[in-house]
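Working notes for the structure below.
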Amino acid sequence: MESVDRSSPIPLYYQIKLNLKRFIEDNKLKPNDPLPPEEELAKYYKVSRLTVRQAMQELVKEGLIYRIQGKGTYVAENKMISDLSHLTGFSEEMEKIRKKAWSKVLTNKLVKPPEKVADAFHISGEAKVLLLSRLRYEGDRPRSIENAYLNISKYPILRKISQYDMSTKSLYKLLKDEFSIYPTFAEEEIEVVHAEESVAKILGIKEGDCVLSIVRITFSQEKIPIEYVYSNYRKDNFKLRVTLKAR
């Protein structure tokens, strides 16, 4: 860990916060590793315990560390950060936090579309779509259930996806590299819902626990809908980020 610069106009507590944050983000400490006690950190930085406590409180607010009363302070699990200002898939989001992502394929076949999917694709309910349903993992922990309906009426080549092992492949990367179909923009809706029994069982949570329900319609460079995705995410270890601009 670095020392603090007492000649800097940056407050000492904020320097300590940034120092500890870099230390954690550089993987010097792993998730659930304990941090040194406040007293030890105060001696190291030659500041008061109050200054150290203020730095730690900032890190708690950011979700980088957590406290257990009577035991100490620990490094939090890395959160999946969904950046709403960029169109990315699960695999790309996990790469950002340096986590290994993989999937258990639940379904990869042609099906009749639900009404909302047919409406989004502007096709009849008798047409077929490709359903790629996956349970998404970070390490050995299930993160989400993702049901991606693919528009084979407009892009028949997407039928070939049923021939691929999609347990480790990124769908967006496959679309671009193999089929020259480029996801360009998307419309997304997010809401908090209560997990049904089947969802709770798969995600390893309790029935009725809150999950993030995300519906995304992704469009190609020709402004044609490529996919309709309905996902349920565990609410823990998940953070949304959006860039806001003034009018």
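A few comments on the model shown:
- Candidates 153, 124, 133, ranked by Gaussian network fluctuation over the chain, Cα under 10 Å, top entry: 124
- Accessible area (Å², per residue) of the chain, counting only protein heavy atoms and a probe of 1.4 Å: 58 Å²
- Relative contact order of the chain, defined on C-alpha pairs under 8 angstrom at six or more residues apart (%): 16 percent
- Whole-Hz couplings from phi, Karplus 6.51/-1.76/1.60, listed for region 62-75; x for Gly and Pro: 7, x, 7, 9, 9, 10, 10, 4, x, 10, x, 10, 10, 6
- Nonlocal amide H pairs with residue 184, under 5 Å, H built at 1.01 Å: 219, 220, 221
- Whole-percent carbon and sulfur share, accessible surface of the chain, 1.4 Å: 50 percent
- Across region 120-136, coupling constants 3J(HN,Hα) worked out from phi with the 6.51/-1.76/1.60 Karplus curve, θ = phi - 60°, read 5, 8, 6, 10, 7, x, 8, 5, 10, 10, 9, 9, 10, 10, 9, 8, 9 Hz, and Gly and Pro carry x.
- In region 129-219 the Cα-Cα distances spread across 10 Å bins starting at 0 as 14, 41, 32, 13, 0 percent of all pairs.
- Residue ranking by accessible heavy-atom surface, 1.4 Å probe, largest first, among 179, 23 comes out as 23, 179.
- Residues with amide H under 5 Å from that of residue 209, placed H, sequence gap 5 or more: 195
- Overall, the ratio between the Cα radius of gyration of the chain and 2.2 N^0.38 Å, rounded to two decimals, is 1.25.
- Kirkwood hydrodynamic radius of region 1-78, from inverse mean 1/r over distinct Cα pairs, in Å: 12.6 Å
- Taking θ as phi - 60° and the Karplus parameters 6.51, -1.76 and 1.60, the scalar couplings of region 184-198 work out to 10, 7, 8, 10, 9, 10, 10, 8, 9, 10, 8, 5, 6, 4, 5 Hz in sequence order, x denoting glycine and proline.
The values are calculated or read from the model by the stated rules, or taken from the named source; none is laboratory data. Model, not experiment: these values are computed from the prediction. The area values use the complete protein model at the heavy-atom level, side chains included, leaving out ligands, DNA and RNA. Shrake-Rupley method; radii C 1.70, N 1.55, O 1.52, S 1.80 Å.
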